[in-house]
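Reading through the structure tokens given below for one structure.
The values are calculated or read from the model by the stated rules, or taken from the named source; none is laboratory data. This is a predicted model, so every value here is computed, not measured. Here the Cβ positions follow ideal geometry from the backbone for every residue, glycine too, while neighbour counts run over all protein chains shown.
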Protein chains: 2
Amino acid sequence: MPDGLVLSIDGMGGDHAPDIVVEGVDIAARANAGGVRYLIHGDPARLAALLDRHPAAKAVSEIVPAEKAIGMEIKPSQALRQGKGSSLWNAIAAVESGQANAVVSAGNTGAFMAISMFRLRMMEGVHRPALAARWPAANGGYVVILDVGANVEANGEQLVEFAIMGEAFQRAVSGAARPTVALLNVGAEDQKGHEEIRTAARLIREAGVDLNFRGFVEGDDISKGTVDVVVTDGFTGNIALKTGEGTARLVGQLLREALTSGPFAKLGALIAYPALKKLSARMDPGTFNGALFLGLNGLVVKSHGGANGRGFAAAIGVAEKMARSHYREEIAANLKRLAEAATTIAAEKEVG
Amino acid sequence: MPDGLVLSIDGMGGDHAPDIVVEGVDIAARANAGGVRYLIHGDPARLAALLDRHPAAKAVSEIVPAEKAIGMEIKPSQALRQGKGSSLWNAIAAVESGQANAVVSAGNTGAFMAISMFRLRMMEGVHRPALAARWPAANGGYVVILDVGANVEANGEQLVEFAIMGEAFQRAVSGAARPTVALLNVGAEDQKGHEEIRTAARLIREAGVDLNFRGFVEGDDISKGTVDVVVTDGFTGNIALKTGEGTARLVGQLLREALTSGPFAKLGALIAYPALKKLSARMDPGTFNGALFLGLNGLVVKSHGGANGRGFAAAIGVAEKMARSHYREEIAANLKRLAEAATTIAAEKEVG
């Protein structure tokens, strides 16, 4: 691997690729301090034409030709069988071979996860990968929530693995020294929830896992920002995230309807326009774009499929910060403590 | 039971009881066509003083003295042991004895559910009760979502019971002839989700349960109003509902901050005030207050603990509409079909 950071980019993934991809690289290239290079995989003619219009991106990018692109509707199994040679496949392979420090794609989520797992394999000490997203919080920052959809189920030990990885993600991206962590539940009391969650809470406490652990939080604590990292299984996390997104969209729609409902409403909105524009930027999902697929031997960042250039640049920012962090070394000690405690508890159960 | 409807009201339950309770009865009494009487259980002196100030409520209410009230922090097990003689207990007992058609309380949720289950027992053909809430949707109406917290887990057959009860609830309250129903999942495809959900979908289709069933929906479909009834287990439903509430609160807070952030923003907000006020009413959780505790031999309506008088009146409205419906007769045929199909499938499994 050369000096400096290399990010591998799927040039053809997403609803508005390759345009927003090159635009995103351009925004990121102008924003970061330099020293980052980009391998953009995809259709060389289309990418070259776009790079000609984005000189900042062109100066730090190399086009890696790929013969095809994976569609947004293709199933993961199909992507595994037919994906070889695609921009997505090659972008991931560049991380596997050590050419790049991380991969970013706005493409097909299922295909991205399946090929990443197949090529990069699980990290030692991790049983299941997790998808970690960021969500705006009332305190002006954001909350990391995981798993938001990599697995449908998770047992207690796996939930603790998610907690360990999510905390390191939050630390690397936000710079917070000791992010607080909690498990998502239907109440704050110890006896609430199902067995997996209670086992996870017990494991964190008894295993001596080094986390700033705050027990259980409820659904409304996500937006409140009660803790920095919210841990749950992929079924609940996916539904919580999408319910929150749907609610934000509904409120936004009702607000637009209200502010265009008559001449006075329109005049008021016009006068308050700068403030409303700032609000809209704050709620823009692009601001917190970039979900991390955690637990693999390599950094895998998923951009929202409908992201614009600014959103894709945010996802690149996540990849860059993670690649500059010592994420893997940092979680190793915690994963080891967890594995030892889980073995002991399993042995006790057998004896008992 | 006398002619006309009788609603049993816990006068002392909720953060702002008994004031908002009497206020709510007053609003409801002025709104409904008449013929509804209220039994208000609680401290006779305080209730009498409040009724003196609310003549519409006074004209149709009877105070039923109760010697104590159940606090908001008491655990369900404690409420079962010590709750006898409380306003909540007596309010439920009035439904059990046939004096009243439904009970409404803004009090302690856990205590309300535990005492209701203990006194009223499960309906025949229902294995577990469910808490059903309403959520505003983009189409101007609302969605019924259940279970939002009565049970942590639910198997396939229980999810179908929830679907049957939730559909009847939506029909009774909204007046829609054929509400659409779906199961909450992480994707719309048949193979998505965990076993319980896939079993539920199969049971609805194979058992010939009479529902306008639309398969699976995702979290963002709740606010979109893609279907009229969204069915899930109590763990996921509770977290989804609270995540949505938290998001709506966050957006509201950011909007208030934006519209008070400077002189122009304030002026704009002032001019657009009537439109913003309408928006705020539309998003007011009180509008859709009144969760139904389904599956018991009696109608049990839970008001939000922090509800104001208008919110409590909305919960009374739910109780009234359900009491005027033929809810129990309507779900009997579907529950029977489900039980037969579940038995057949279980037998097939044993043979297989």
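Please work out which residue is farthest from the chain's Cα centre (by Cα), limiting yourself to the stretch A:250-282 and to residues that are facing another protein chain (nearest Cβ under 7 Å) and among the basic types (Lys, Arg). Looking at residues that are facing another protein chain (nearest Cβ under 7 Å) and among the basic types (Lys, Arg), I get A:LYS278.
Just for the stretch B:171-210: of the residues that are part of a helix (DSSP H, G or I) and basic (Lys, Arg), which one is nearest to A:THR236 (Cα to Cα)? If you could, list the steps in order and put the result at the bottom.
To start, the set of residues in the stretch B:171-210 that are part of a helix (DSSP H, G or I) comprises B:171-174, B:195-206.
Checking which are basic (Lys, Arg) leaves us with B:171, B:198, B:202, B:205.
Values: B:ARG171: 28, B:ARG198: 16, B:ARG202: 22, B:ARG205: 25 Å.
If we take residues in the stretch B:171-210 being part of a helix (DSSP H, G or I) and basic (Lys, Arg), then B:ARG198 is nearest to A:THR236 (Cα to Cα).
Yes/no matrix, rows are residues, columns are (1) within 22 Å of A:ALA341 (Cα to Cα); (2) in the same structural domain as A:ALA342 (by TED's automatic domain parsing); (3) modelled with pLDDT of 95 or more:
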{"position": "A:PRO76", "(1), (2), (3)": "no, no, no"}
{"position": "A:ILE92", "(1), (2), (3)": "no, no, yes"}
{"position": "A:ALA106", "(1), (2), (3)": "no, no, yes"}
{"position": "A:GLY141", "(1), (2), (3)": "no, yes, no"}
{"position": "A:GLY149", "(1), (2), (3)": "no, yes, no"}
{"position": "A:ALA154", "(1), (2), (3)": "yes, yes, no"}
{"position": "A:VAL160", "(1), (2), (3)": "yes, yes, yes"}
{"position": "A:GLU167", "(1), (2), (3)": "yes, yes, yes"}
{"position": "A:ARG171", "(1), (2), (3)": "no, yes, no"}
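So, B:ALA132, is that one under 17 Å from the mean Cα position of the chain (by Cα) and either surrounded by fewer than 24 Cβ atoms within 10 Å (Cβ to Cβ) or closer than 27 Å to B:TYR327 by Cβ (or both) or not? Yes: the conditions hold for B:ALA132.
When the stretch B:136-156 is filtered for residues that are more than 14 Å from the chain's Cα centre (by Cα) and hydrophobic (A, V, I, L, M, F, W, C), the ones remaining, listed by number, are B:ALA137, B:ALA138, B:VAL152, B:ALA154.
Per-residue answers, yes or no, for (1) crowded, with 17+ Cβ neighbours inside 10 Å; (2) farther than 28 Å from A:GLU124 by Cβ; (3) out of contact with any helix residue (DSSP H, G or I) (no Cβ under 6 Å at 6 or more places or on another chain):
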residue: A:GLY141; (1), (2), (3): no, yes, yes
residue: A:ILE164; (1), (2), (3): yes, no, no
residue: A:GLY187; (1), (2), (3): no, yes, yes
residue: A:ILE197; (1), (2), (3): yes, no, yes
residue: A:GLU218; (1), (2), (3): yes, yes, no
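Listed here are the residues, each with its yes/no results for (1) touching a residue at least 60 places away in the same chain (Cβ under 8 Å); (2) among the small types (Gly, Ala, Ser); (3) surrounded by 18 or more Cβ atoms within 10 Å (Cβ to Cβ).
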{"position": "B:ARG256", "(1), (2), (3)": "no, no, no"}
{"position": "B:THR287", "(1), (2), (3)": "yes, no, no"}
{"position": "B:PHE293", "(1), (2), (3)": "yes, no, yes"}
{"position": "B:PHE312", "(1), (2), (3)": "yes, no, yes"}
{"position": "B:LEU335", "(1), (2), (3)": "yes, no, yes"}
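Under the condition of being over 19 Å from A:PRO179 (Cβ atoms) and not hydroxyl-bearing (Ser, Thr, Tyr), the residues counted in the stretch A:219-239 number 7. Consider the stretch A:24-42 and keep the residues that are touching a residue at least 40 places away in the same chain (Cβ under 8 Å) and surrounded by fewer than 18 Cβ atoms within 10 Å (Cβ to Cβ). The one that is nearest to A:LYS321 (Cα to Cα) is A:ASN32. For the stretch B:276-294, the tally of residues that are within 16 Å of B:ARG256 (Cβ to Cβ) and outside any helix (DSSP H, G or I) stands at 1. Candidates in the stretch A:220-249 are the residues that are acidic (Asp, Glu) and either without any contact (Cβ under 8 Å) to a residue 40 or more places away in the chain or surrounded by fewer than 24 Cβ atoms within 10 Å (Cβ to Cβ) (or both); of these, the one that is farthest from the other protein chains (Cβ to nearest Cβ) is A:ASP221.
Residues being of a type in the set (D, E, K, R) and under 30 Å from B:LYS224 (Cβ atoms) are entirely absent from the stretch B:103-125.
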